[in-house]
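Here the structure comes first, spelled out in structure tokens, and everything after it is commentary.
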Amino acid sequence: MNIAIIGCGYVGYAVAQHWQNKMSLMVTATTTTPERIPELQAISQKVIVVRGNNTEGLKSLLKDQDVVLLSIGRKRNVSYKETYLKTAETLIPVLQQNSTLKQLIYLSSFSVYGYQNDNLVDEETQPNPISDNSKVLRQTEELFLSASNEKLKVCIFRLGGIYGAGRRELVKIVSRYIAGKTLPGNGQQATNWIHIDDIVGGIEFARQNRLQGVYNLVDDANLTQRQLIEEVCKKHNLPPVTWDSSQSRKRDCNAKVTNQKIKDAGYKFLHPNMTF
Ligand SMILES: NC(=O)c1ccc[n+]([C@@H]2O[C@H](COP(=O)([O-])OP(=O)(O)OC[C@H]3O[C@@H](n4cnc5c(N)ncnc54)[C@H](OP(=O)(O)O)[C@@H]3O)[C@@H](O)[C@H]2O)c1
């Protein structure tokens, strides 16, 4: 099977490694940064420098491919629109002309659920994005879903916050901006996270089972913000936070996301509970 991975950052790189080493698939990786070619050659058969707004580049990348994984992340000083919508608008006509592709797997975010009053949401819940960026992610999902047909399955994963080996953002944010502070609210809002191993596992599951449609990819934990911050502070010997419930905190996304749909499809999580 020939697979193209558009965007080989933290996630795309890990998936490429898995597909090339463990599954012996023919992986073509992309980057927008020529200096990254040697690094990506180690985890793929071929590396192509292409941006999501380049029709001819995408056409040539997708020639003779069976599956394409779109795992792009916004770069500094580039808008969400330019990154996600522009790529979808460029890629969709290319997909429609391509005769070999059978599946597109696109990585979106749980943030598209937006304001949900801390209720449990599943893939049937109407998204209610509040921030401009989440609105762009939702529009991108809609464009890709409308591009699916008999021949081309479109699988969209709504990922939780990403954590795992080599990804220290959570600890950095807590240690720099949160530990030892008094935070507004009571910390009871839900958080949604996913380990990199389960992103790789979920994507491989989608490929093997030719999944179509939207799937949440978050773990079982649904820790509250308070539980999460307390665990991080404890594990990393950081000063604890206090909560001031007399102050309210408005959030653009307050959804407690369930992963039942992908479990019902047969996927078994490697890290159902968040490990710190
Ligand atoms: N971060 C989170 O917690 C989180 C949560 C939910 C969903 N997601 C989604 O998960 C996916 C992967 O995230 P990640 O952490 O792996 O991102 P990442 O490490 O920032 O990597 C993103 C990759 O996208 C490439 N890229 C950026 N703009 C591009 C464009 N216009 N055209 C083509 N390629 C482009 C970059 O290429 P270069 O090689 O040139 O740098 C980079 O390799 C993204 O779709 C993101 O929206 C992330």
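The values are calculated or read from the model by the stated rules, or taken from the named source; none is laboratory data. None of the values given here were measured: they were computed from a predicted structure. Ideal geometry is used to build each Cβ from the backbone, glycine not excepted, and the neighbour counts take in all protein chains shown.
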- Members of segment 155-169 that are more than 25 Å from V68 (Cβ to Cβ), at pLDDT 90 or above and not in a loop (DSSP other than H, G, I, E, B): Y163
- Task: Return the residue satisfying two criteria in turn: it lies in segment 22-41 and is of a type in the set (S, T, N, Q) and at pLDDT 95 or above, and of such residues it is nearest to N2 (Cα to Cα).
- Result: T28
- Restricting segment 186-243 to residues that are under 24 Å from S148 (Cβ atoms) and aromatic (F, W, Y), which is surrounded by the most Cβ atoms within 10 Å (Cβ to Cβ)? Y215
- Task: Hey, can you tell me all the residues within segment 165-200 that are farther than 21 Å from N259 by Cβ and touching a residue at least 60 places away in the same chain (Cβ under 8 Å)?
- Result: G166, V171, V174, S175, I178, A179, G180, K181, T182, L183, P184, G185
- Positions within segment 17-46 being assigned to a loop (DSSP other than H, G, I, E, B), within 13 Å of the ligand (Cβ to nearest atom) and surrounded by fewer than 14 Cβ atoms within 10 Å (Cβ to Cβ), in sequence order: T33
- Item | Single condition A14 does not satisfy, out of (1) in a helix (DSSP H, G or I); (2) under 30 Å from L223 (Cα atoms); (3) at pLDDT below 95 | (3)
- Those residues of segment 1-11 which are within 7 Å of the ligand (Cβ to nearest atom) and outside any strand (DSSP E or B), in sequence order: G7, C8, G9, Y10, V11
- Query: Taking segment 62-87, which residues are within 11 Å of the ligand (Cβ to nearest atom) and either under 17 Å from I156 (Cα atoms) or hydroxyl-bearing (S, T, Y) (or both)?
  - Reply: L69, L70, S71, I72, G73, S79, Y80, T83, Y84, L85, T87
- Which numbered condition T275 fails, given (1) within 25 Å of V15 (Cβ to Cβ); (2) of a type in the set (V, I, T); (3) at pLDDT 95 or above: (3)
- Item | Evaluation of L95 against (1) surrounded by 23 or more Cβ atoms within 10 Å (Cβ to Cβ); (2) more than 8 Å from the ligand (Cβ to nearest atom) (one fails), failing number | (1)
- Note on the structure: Residues of segment 47-61 being within 8 Å of the ligand (Cβ to nearest atom) and among the charged types (D, E, K, R), in sequence order, are R51
